[in-house]
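The values are calculated or read from the model by the stated rules, or taken from the named source; none is laboratory data. Given the structure is predicted, the values throughout are model-derived calculations rather than measurements. Every residue, glycine as well, gets a Cβ built from its backbone with ideal geometry; the counts of neighbours run over all protein chains shown.
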């Protein structure tokens, strides 16, 4: 998982983080802003876990989404971009 890509596309990716860790609030997600270290800290706060456990959970999450790539603007995930043809 490339955290630079995650940070640059945080609005797309944060749904996956919220799905995994539902206790994280929208405000916490805004603070995290695609930064791995912030995610670890907020997991510790929200779930009352230690740093090692937060890191373990993030590593497992990274493995799950190892091949994640951002979806181009205006394109639904997993679908080719729709282009209109003019009729002549």
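Mind checking which residues of the range 9-23 are in contact (Cβ under 8 Å) with a residue 12 or more places away in the chain and closer than 16 Å to residue 65 by Cβ?
Let us first name the residues in the range 9-23 that are in contact (Cβ under 8 Å) with a residue 12 or more places away in the chain, namely 9-10, 12-14, 16-17, 20-21, 23.
9, 10, 12, 13, 14, 16, 17, 20, 21, listed by residue number.
So that you can scan it fast, the table gives a plain yes or no per residue for (1) in a loop (DSSP other than H, G, I, E, B); (2) within 19 Å of residue 8 (Cβ to Cβ); (3) in contact with a helix residue (DSSP H, G or I) (Cβ under 6 Å, 6 or more places away or on another chain); (4) at pLDDT below 80:
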residue: 42; (1), (2), (3), (4): no, no, yes, no
residue: 46; (1), (2), (3), (4): no, no, no, no
residue: 62; (1), (2), (3), (4): no, yes, no, no
residue: 78; (1), (2), (3), (4): yes, no, no, yes
residue: 83; (1), (2), (3), (4): yes, no, no, yes
residue: 87; (1), (2), (3), (4): yes, no, no, yes
Q. Residues of the range 26-40 being loosely packed, with under 12 Cβ neighbours inside 10 Å and part of a loop (DSSP other than H, G, I, E, B), which ones?
A. none
